[in-house]
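Enquirer: Before I ask anything, let me first share the structure, which is written out below as structure tokens.
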Amino acid sequence: MSAPLIAPASTSGGVAALRARFRDGKRALIEHFGAARPTATAASRLLKGLARHVDATLTELWVHAGMPAGAALVAVGGYGRAELFPYSDVDVLVLLPGADGSAEVQRAAIEGFITACWDIGLEIGSSVRSVDECVAEAARDVTVQTALLESRLVCGSRRLFAGFRDASQQALDPVAFLRAKTLEMQQRHVKYEGTPYSLEPNCKESPGGLRDLQVVVWVARAAGLGRTWSELAARGLVTAFEASQLARHEGTLKLIRARLHLVAGRREDRLVFDLQTAVAESFGYKATGGQRSSEVLMHRYYWAAKAVTQLNQILMLNIEERINGSEAAPMRPINERFLDRSGMLEVARDDLYLDEPHAILETFLVFEQTPGIQGLSARTLRALYNARNVMDGRFRRDPVNHALFMAILRQPKGLTHAFRLLNQTSVLGRYLWVFRRIVGRMQHDLFHVYTVDQHILMVLRNVRRFFIPEHAHEYPFCSQLASTWDAPELLYVAALFHDVAKGRGGDHSELGAVEVRRFCREHGIARDDAQLIEFLVREHLTMSRIAQKEDLSDANVIAAFAQRVGSERRLTALYLLTVADIRGTSPKVWNAWKGKLLEDLYRFTLRALGGARPNLDAEIEARKQEARQNLALHSALPGTEEPLWQTLEISYFARHDAGDIAWHARSLWRHIETTVPIVRARLSAVGEGLQVLVYSPDRPDLFARICGYFDSAGFSIQDAKIHTTRTGYALDTFQVVSTLIDAHHAGGERELKYRDLISLVETQAAAALASTGPLPEPGRGRVSRRVRSFPVVPRVTLNPDERAQRWLLTVSASDRSGLLYAVARVLARHQINLQLAKVSTLGERVEDTFLVDGPALQQPKAQLRIESELLDAVAPPA
């Protein structure tokens, strides 16, 4: 049996003293780091110091535990690199001699050692193995193989450890290990969104994070090519400059991760919104007029992550060629400057770009034009990385380069991948200097989930897909319009520049229009085409705003927009760009309802641009006729519609399509003079969710009660059409989605779930609306972490129409459950009548527009009180 840690009489005191010594030593190292200037050197000193401190503590515990003779304590994983972040796990291997790693005589000592580690505050991850067991387990699991690769002796038998290292190395297959780690890296990249520009990146695991550097060292080490950047340089895998860049960016990432641990007070590798500002302030960054302190930090992180992504790609390809022996493989010439190396585009010589700068942009043109080319080789990536200084002002002004760039835009294939490569290799930002300013720039508007440069490339991809037949099923109407468009490159340029002036202060649409005008002039774009592109950049937000905030049944709204657009060509281009832009902000922002609003606006405006004067009477008569045909198809008797239609104003028919009009008549013809609320629901004809019809004797709090029911039942209102009949009945139609169903179900299953809800909604909503009790207090719904970190300042505006008979109420605030009910409750309290509601959710921000009237709005004091109460209602919870 092994000896106890210390004599039994003083066990608790000994553990307490050792715990205090370990805690005080760790705290001293962390406090010294926290007080020091935030540099990579200071971070390296901390990581090594923490590892040495743990080494000493474990060694003391090992000795006092009386561990078996001939055994060894081995540091593995990150701890094996002799680096420990403040709250990282301590992974150790207890290596035992002989084949049996679980002999009874050893078990008590090992259990005592591990228990003592936890008792003093060392959160270790431990395993107990013999050499043979380690080799066998590593053969089955590449993760174990990786951990053992970085093993380091802490204390115990050197002979056993040496034998373990030899056996592990002999069992390692560099080719299989490279393949496994490459696949593992690809899988990890997919898990973390495939981009280094996630707004809340994991500085260890995300693309461009520390793990991408560690993978390079692992595969190089497994192949015996080196353990450090300098050793890789000596082997010719990296240049001296690249080795220095690797060390520099690794230092930046380690520094950020160490500071993140300190600020969080726990193991936290994600730069989440809640912590970004505090971490930035720990660096000494301050907010300025146009930039948050967190933006300064994240910009620094993104630049380091982007460089790591580039260097990782170069090194992984280089190592693969070295391990597989494909460096001398025959290559197919493409032209005198480029070769095809097994599907990768290879430069003919290393100094190509230094001698012939035009070949830089030609690289991406050849990439698009050459069938079978899948990417850029390590040699090409390295040559581009080392040619950055060549891409100067003269390079940007060179007419040959202008022609090459336009040729890249005009290619029928490969555009999306070419521009991703242009950005990944930093060529895009060095050729378009204005683009360089938005690389890695965050957007704090609660609906963009990408940095500005990634969003722009996503929009470019979306526009490109409109012109690809294989993607016609995604956006059929857009693809139909794109099929008749003669110059796709004009839309591509507009996509590239639409947000390029973000972050400067001022109107980015206007500033972007100035930038794109200069680009068009320099690149020889014809005057009419240049004016179209400038118009698109300046107006890229207009169509979305009108579709989601204004009454599309108002002929004046359509006429004003038609006059602003001016031509069918401009309208089509703006529509395509708008759809691509909204789709490129976040997967959550776009829905079929927004698509219908935009398509309706497009069609109404197209008709106005065609010279046909709006003839509302003829339009309504046509809708009525179509609705009668729809009723006949449902076996309704002739005249079924008349009792309801006789009570309705012309605005009702202007705001509903024929399908809705027929459904309303079919549902209500027996209930025209009902004394109780009637509720009918059906699957939405547009997109997901339900369409809900409410018909009830009108009362001031009716809209509030409807909103209260939907909120309590877990529905989100996407759109509301509010009407009051001539006989004093409310006829309201709502487009709603269930947040629970949308979150956890998909496809056909989702439709079935909605079908199951129809009868429940009809019964429960009718009961809720029949209630005459006081309106319940609105709940202060929880907000997301992102809203807490980047709150929207609530805004309420109330503007009268020309005759001050109706008022346009606009509410902008951070989204949360119960928000619309809180607004409706204020309106009900002041007996404000609602005529139209446009509910627009942009990610985690709402921008709702209401057309209202009521006597209180004619009184200035009452109006101020209403606005103040609305601001209180939409304010985020404390």
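The values are calculated or read from the model by the stated rules, or taken from the named source; none is laboratory data. None of these values were measured; they are calculated from a predicted model. Every residue, glycine among them, receives a Cβ derived from its backbone with ideal geometry; neighbour counts consider all protein chains shown. Quick note on the areas: whole protein, heavy atoms, side chains included, nothing else; ligands and nucleic acids left out. Shrake-Rupley method; radii C 1.70, N 1.55, O 1.52, S 1.80 Å.
Enquirer: Quick one: what are the phi-derived ³J(HN,Hα) couplings along the stretch 694-704, Karplus 6.51/-1.76/1.60 with θ = phi - 60°, whole Hz, x for glycine and proline?
Expert: Coupling constants for the stretch 694-704: 10, 10, 7, x, 6, 7, x, 9, 4, 4, 5 Hz.
Enquirer: Restricting to Cα pairs below 8 Å that are 6+ residues apart, what does the relative contact order work out to for the chain? Please round to a whole percent.
Expert: That works out to 7 percent.
Enquirer: Does the stretch 410-544 come out rounded, prolate or oblate, given a ≥ b ≥ c as the square roots of the eigenvalues of its C-alpha gyration tensor, rounded meaning a/c under 1.5 and, failing that, prolate meaning a/b above b/c?
Expert: Rounded, because the longest to shortest axis ratio a/c is under 1.5.
Enquirer: Can you give me the relative contact order of the stretch 533-653 as a percent, contacts being Cα pairs under 8 Å and 6 or more apart?
Expert: After rounding, I find 29 percent.
Enquirer: Counting DSSP beta bridges in the chain, what percent are antiparallel, to the nearest 5?
Expert: 90
Enquirer: Hey, can you grab everything whose amide H is under 5 Å from the amide H of Cys155? Only 5+ residues off in sequence or another chain; H modelled, so Pro and N-termini drop out.
Expert: Placed amide hydrogens put Leu73 under 5 Å from Cys155.
Enquirer: Let me ask something else about it. Order the peptides 487-498, 261-272 from the highest to the lowest mean number of other Cβ atoms within 10 Å of their residues.
Expert: My ranking of the peptides, most packed first, is 487-498, 261-272.
Enquirer: Counting Lys +1, Arg +1, Asp -1, Glu -1, what net charge surrounds Leu511 among other residues with beta carbon under 15 Å of its beta carbon?
Expert: +1
Enquirer: Tell me, rounded to the nearest percent, the portion of alpha carbon pairs in the chain spaced more than 50 Å apart.
Expert: Roughly 35 percent, rounded to a whole number.
Enquirer: How would you rank 230-237, 828-835, 634-641, highest first, on the average number of other Cβ atoms within 10 Å across their residues?
Expert: 828-835, 230-237, 634-641
Enquirer: What's the carbon and sulfur percent of the stretch 481-578's accessible surface, probe 1.4 angstrom, rounded to a whole number?
Expert: 46
Enquirer: Relative to the longest principal axis of the chain, what angle (0 to 90°, nearest 10) does the C-alpha long axis of helix 415-424 take?
Expert: Approximately 50 degrees, to the nearest ten.
Enquirer: Shifting gears a bit: Can you show me the helix-derived [θ] at 222 nm for the chain, built from DSSP H runs with n ≥ 4 at -39,500 (n - 2.57) apiece and divided by the number of residues, rounded to the nearest 500.
Expert: -17500 deg cm²/dmol
Enquirer: Any idea what the dipole of the chain comes to, in debye rounded to 20, about its Cα centre with Lys/Arg Cβ at +1 and Asp/Glu Cβ at -1?
Expert: That gives a dipole near 1780 debye.
Enquirer: Per-residue accessible area for Ile672 at 1.4 Å probe radius, Å² rounded to 10?
Expert: Probe radius 1.4 Å; accessible area of Ile672 about 30 Å².
Enquirer: Which whole-number percent gives the relative contact order of the stretch 227-383, counting Cα pairs below 8 Å spaced six or more residues apart?
Expert: Relative CO of the stretch 227-383 lands at 17 percent.
Enquirer: Restricting attention to the stretch 398-445, which trypsin sites (Lys or Arg not before Pro) occupy a DSSP loop and are surrounded by at most 15 other Cβ atoms within 10 Å?
Expert: Counting only loop positions with at most 15 other Cβ atoms within 10 Å, the trypsin sites (Lys or Arg not before Pro) in the stretch 398-445 are Lys413.
Enquirer: Output ³J(HN,Hα) for the stretch 199-205: one whole-Hz value per residue in order, computed from phi by the Karplus curve 6.51 cos²θ - 1.76 cosθ + 1.60 with θ = phi - 60°, and x for Gly and Pro.
Expert: Ordered by residue, 3J(HN,Hα) equals 5, 10, x, 8, 6, 9, 9 Hz.
Enquirer: What are the ³J(HN,Hα) couplings of the stretch 598-610, residue after residue, when phi is run through the Karplus curve with 6.51, -1.76, 1.60 and θ = phi - 60°? Round to Hz, x for glycine and proline.
Expert: 5, 5, 4, 4, 4, 5, 4, 5, 4, 5, 5, 5, x
Enquirer: Give the residue from Gly503, Ala487, Tyr475 lying farthest towards the positive end of the charge dipole for the stretch 421-536; charges sit on Cβ (+1 for Lys and Arg, -1 for Asp and Glu) and the dipole is referred to the Cα centre.
Expert: So the residue furthest toward the plus end is Gly503.
Enquirer: Take each of the peptides 20-31, 86-97, 549-560, average the number of other beta-carbon atoms within 10 Å over its residues, and list them starting from the highest.
Expert: Ranked by mean Cβ neighbours within 10 Å, highest first: 86-97, 549-560, 20-31.
Enquirer: Can I ask one more? Among Val347, Ser759, His455, flag the residue with its Cα farthest along the positive direction of the charge dipole of the chain, charges on Cβ as +1 for Lys/Arg and -1 for Asp/Glu.
Expert: Looking along the dipole axis, the top candidate is Val347.
Enquirer: What does the C-alpha gyration tensor say about the overall shape of the stretch 55-194? Classify as rounded when a/c is under 1.5, otherwise prolate if a/b is larger than b/c, or oblate.
Expert: Oblate, since a/c reaches 1.5 and b/c is not below a/b.
Enquirer: Amide H of Ala681: which non-local residues (sequence gap of 5 or more, or other chain) have their own amide H closer than 5 Å, using H built in the peptide plane?
Expert: Result for Ala681 returns Leu693.
Enquirer: For each pair in Lys286/Lys861; Lys413/Lys753; Lys596/Lys624, compute the distance between the two Cα atoms and list the pairs where it is over 32 Å.
Expert: In this structure, Lys286/Lys861; Lys413/Lys753 exceed 32 Å between Cα atoms.
Enquirer: Which shape class applies to the stretch 278-384: rounded if a/c is under 1.5, otherwise prolate when a/b exceeds b/c and oblate if not, where a ≥ b ≥ c are the square roots of the Cα gyration tensor eigenvalues?
Expert: Because a/c hits 1.5 or more and a/b exceeds b/c, the stretch 278-384 counts as prolate.
Enquirer: In addition: Looking at the stretch 52-126, which GluC sites (Glu not before Pro) are in a loop (DSSP not H, G, I, E or B) and have at most 13 other Cβ atoms within 10 Å?
Expert: Passing both the DSSP loop test and the Cβ count: Glu123.
Enquirer: List the chymotrypsin sites (Phe, Trp or Tyr not before Pro) within the stretch 304-379 that fall in a DSSP loop (any state other than H, G, I, E or B) and whose Cβ has at most 14 other Cβ atoms within 10 Å.
Expert: none
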